[in-house]
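Here the structure comes first, spelled out in structure tokens, and everything after it is commentary.
FYI, it's all coordinate maths here, none of it is from the lab. Just so it is clear, the model here is predicted, and its values are computed rather than measured. Note that each Cβ is placed from the backbone with ideal geometry, even for glycine, and that neighbours are counted across all protein chains shown.
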Amino acid sequence: MAQINKIFNGSIKIPTPVFFIATILVIMYFLPREGKYKYTYTENRPWQYGLLTAPFNFYIHKSAEQIQQEKDSVLRSYQPYYENKLSVAKDVVSQFEQNARVKNIPAEYISYVSRKLSEIYKGGIISVEDYDKVQNLNKKQLQLRNESEIIFSTRHLASFYTPRQAYDKILGDAPKSLDPDILKALDFKLDVSILFDEKKSNDLKKQMQDQVALYQGEIQSGEKIIDRGEIVDARTKNILDSYNSEVVNKVGTKSKPGWLIFGELVMITLFIMSLMVYLKFYRLHEYNNRKNVIFMLIMVVIFPVITGLMADTKMFSLMYLVPFAIPTILIRTFIDSRTAMTTHMLTVMICVLMLPLAQMAQFIVIQILVGYMCIFSLRNLSERSQLIYCSLLILLTYIVTYTGWILCTEGDISLIKENGRMYIYFCINFVFVSFAYLLVYVCERVFGFMSEVSMIELSNTNRPLLQQLSEVAPGTFQHSMQVSTLVVSAAHRIGANATLVRTGALYHDIGKMVNPIFFTENQSEGMNPHAGLTEKESARIIIDHVAEGVKIAKKNKLPQQIIDFIETHHGAGKAKYFYNSYVNSHPDEEVDKADFTYPGPNPFTRETAILMMADTVEAASRSLKDNSKEAIIELVNRLIDTQVSDGLMKNAPITFKDIEDVKEVFSEKLISMRHLRVAYPELKRKEGGEEEVSI
């Protein structure tokens, strides 16, 4: 978190364009790499686009089902390959005879079994598993060769024995002169001699399958594929699918990037650089504010990343679940409407690059109208409930715009019912957009922003800190209230943020709560706590109210924007009453001006400049003995001109025209506030009567 704060406040020196370049790279990383096909279509539905002709030669691919059927048909003539191991018969007979002699088996038994084994092995013994496998393939024959031969011959499956069949054959064919019990007790092993030739069988199967053609024709370059309004039948759909496949192969994939990636890089760079140029030339303050730049770029990045992930999974129909209005709401809340709309448009255009052509126009139209609805419905954001109201208007915009689009492009009202799920998506989108209420609070905490709603909440005079100010320093509280009245009118006149400057005015003097009695507005008549103090000591007490105010503000977790008003409302000016007094009483001494100078900084926004002017003229107007119009105008002009000549306004983006307008507003307000009331005449008592009382 500390590193993030260093990036925000500029402690880590990173040029602003680097953030824009990083944004381009992040978006490029999450873009779908699959070749993008421009058309979407459905079988037995009209073709929605113009004439489509083949830009190059390509083959018409057979469908996967068709290819599989043809392969299955070819494999009907397939016969598996087996090998007859002749050595197995010799080994089995030899082993039987050897074991029988050891056990003293009569010769006639040995002779019969040996002869029968040789006869059976001429036919061959196949395993039960292989026997069942051949039967399951619906084959009656197989290809067989002897182990020493190359040529295969066809053999019927019934000509082979399984081990069980061979055993039963030996017992069943025995002459009556041989005892069956002795035969059953003989130890003879029946090994399998017919073995599956897996390599030869697989090679044959592959060779047969490779004979199946993958194509069923060819489309020549320039040949018509389909025209607008024609029905996409089964054959045309197959041609379009084949064209789609060829486009994907020619453009590139994740493993083989092509010109698609370069084109996307060019377009995204143009969009992001357009935002940078806009900020550079039209919102220089935002461009130089690293925190604001990072905030806006995060808003730009998030939704193209989400769109890219959805495009990778082909979930284009779910795009309207994504709350694209949220960045517009947040940027409008914390920066301004024009920047919010510009950012929204660029974000939408980046996301459009990831969509099929058929959805591009619809997506752009709907999202543009949603963006404008955000701006219009939040033009005066003063209550959090307006965010819910904005969400409802966005939902209505989605529904009306989508319905109108379907009717004007398809002309078929039944499609609205068929696409009813889209209205469910819009409702879910409304729920997501409603969470902007929480995101405003999160962004305020993470980025240190202050929304207009927060300003209004902070300017509530019932808040504990302002209540404490009214009790501890009632004169200062009244002064702050009067200043807030002046600055609001001036801000409206020159187009500054009236809500912000009013809130800053209410808190700008909270540091006076530490030593309230040392400030004139909190003193009773005849009281002078500065008596007995030197001018330097008094000046230090007065100047310290700025630093004390900053401490109180940070302790109460006031936003930095409010602390800026506390720090700048005197700028680097002087405590002139005590400075002038000291200079007058020490004419021969070289005065150190630092002892009487406020720590600053000078105002650096129009709002802080307005507050400095208002604070000075309001305080000075209280000491006027002549409350005439001319005296007030002269006072206002003199004090503000002095501030300008002292260089206190040199860092504020305020023009001479703005200053003259502020002077005029302050004069009008102070004349109205300081006017003398009409003296009510005393009622004369009538002779012999009672005095009339009026209320």
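Couple of notes before you dig in:
- Rounded to the nearest 20, the Cβ-based charge dipole of the chain about its Cα centre (Lys and Arg +1, Asp and Glu -1) stands at 2040 debye.
- Here's the list of aspartates and glutamates a cross-link from Lys71 could span, going by alpha-carbon distance under 14 Å and ignoring same-chain residues fewer than 8 apart: Asp210.
- Bins of 5 Å, starting at 0 and running to the largest distance - Cα pair percent for the range 179-234: 4, 10, 8, 9, 8, 7, 7, 7, 7, 6, 5, 4, 3, 3, 3, 3, 4, 1, 0
- For the range 543-653: rounded, prolate or oblate by the Cα gyration tensor [a/c cutoff 1.5]: oblate
- Projected label points at Arg76 and Ile388, each 7 Å from Cα along the beta carbon direction, are separated by 7.0 nanometres.
- Subtracting the Cα-Cα distance of Ile110 and Thr154 from 0.36 nm times their residue separation leaves 12.5 nm of extension gain.
- Overall, the ratio between the Cα radius of gyration of the range 75-210 and 2.2 N^0.38 Å, rounded to two decimals, is 1.22.
- In Hz, Karplus ³J(HN,Hα) per residue of the range 164-173 (6.51, -1.76, 1.60; θ = phi - 60°; x = Gly, Pro): 5, 5, 5, 4, 5, 5, 5, 6, x, 8
- Taking amide H as placed 1.01 Å from N in the peptide plane, Thr40 has its amide H under 5 Å from the amide H of Ala358, each at least 5 places away in sequence or on another chain.
- Taking only Cα atoms of the range 375-461, radius of gyration then Dmax in Å: 17.5, 59
- Label-point separation in nm, Asp626 to Arg463, each point 7 Å along Cα→Cβ: 4.1
- DSSP-assigned coil residues among GluC sites (Glu not before Pro) in the range 572-667, each with at most 14 further Cβ atoms within 10 Å: Glu589, Glu590
- Percent of Cα pairs exceeding the 26 Å cut-off, where the set is the range 452-674: 34
- Distance violations [Cα-Cα > 22 Å] among Lys85/Lys200; Lys122/Lys206; Lys85/Lys206; Lys554/Lys593: Lys122/Lys206; Lys85/Lys206; Lys554/Lys593
- If you wrap the chain in the convex hull of its Cα atoms and look at it from every side, the mean projected area works out to 64.5 nm².
- Taking amide H atoms as placed 1.01 Å from N in the peptide plane, the amide H of Thr53 lies under 5 Å from those of Ile225, each 5 or more residues away in sequence or on another chain.
- The alpha-carbon of Lys650 sits under 15 angstrom from the alpha-carbons of these aspartates and glutamates, leaving out residues fewer than 8 places away in its chain: Glu607, Asp641, Asp658.
- Charge dipole (the range 452-674, unit charges on Cβ, about Cα centre) - positive-most of Ala553, Gln523, Val662: Ala553
- In the chain, the DSSP-assigned H stretches of four residues or longer account for a calculated mean residue ellipticity at 222 nm of -19500 deg cm²/dmol, using -39500 (n - 2.57) per stretch and the full residue count as denominator.
- FRET efficiency, 1/(1 + (r/R0)^6) with R0 51 Å, evaluated for Cys427 and Lys657 via beta carbons: 0.50
- Sites Lys417 and Ile368, calculated FRET efficiency, Cβ-Cβ separation with R0 35 Å, nearest 0.05: 0.85
- Projected label distance in nm at Gln478 and Ser672, using a 7 Å step from Cα toward the beta-carbon: 2.0
- Protection proxy ranking, highest mean first, for peptides 411-417, 53-59, 393-399: 393-399, 53-59, 411-417, where packing is the per-residue count of other beta-carbon atoms within 10 Å, averaged.
- Length released on extending from Leu195 to Asp227, taking residue separation times 0.36 nm less the Cα-Cα span: 5.5 nm
- Each residue in Met673, Met310 was given a count of other beta-carbon atoms within 10 angstrom of its own, and listing them fewest first yields Met673, Met310.
- Unsatisfied cross-links (Cα-Cα over 32 Å) in the set Lys555/Lys576; Lys139/Lys237; Lys133/Lys176; Lys13/Lys663; Lys90/Lys176: Lys139/Lys237; Lys133/Lys176; Lys13/Lys663
- If R0 equals 51 Å, the separation of the Cβ atoms of Tyr59 and Lys122 corresponds to a calculated FRET efficiency of about 0.45.
- The DSSP beta bridges internal to the range 75-210 are antiparallel in roughly 55% of cases.
- Taking 12 Å as the cut-off, the amide N atoms of the range 162-176 that come nearer than this to a point 7 Å along the Cα-to-beta-carbon line of Tyr131 belong to 162-169.
- Length-normalised contact order of the chain in % [C-alpha pairs under 8 Å, at least 6 apart]: 12
- Across the range 389-395, computed HN-Hα scalar couplings (Karplus, 6.51 cos²θ - 1.76 cosθ + 1.60, θ = phi - 60°) run 4, 4, 4, 5, 5, 5, 4 Hz from first to last residue, x flagging Gly and Pro.
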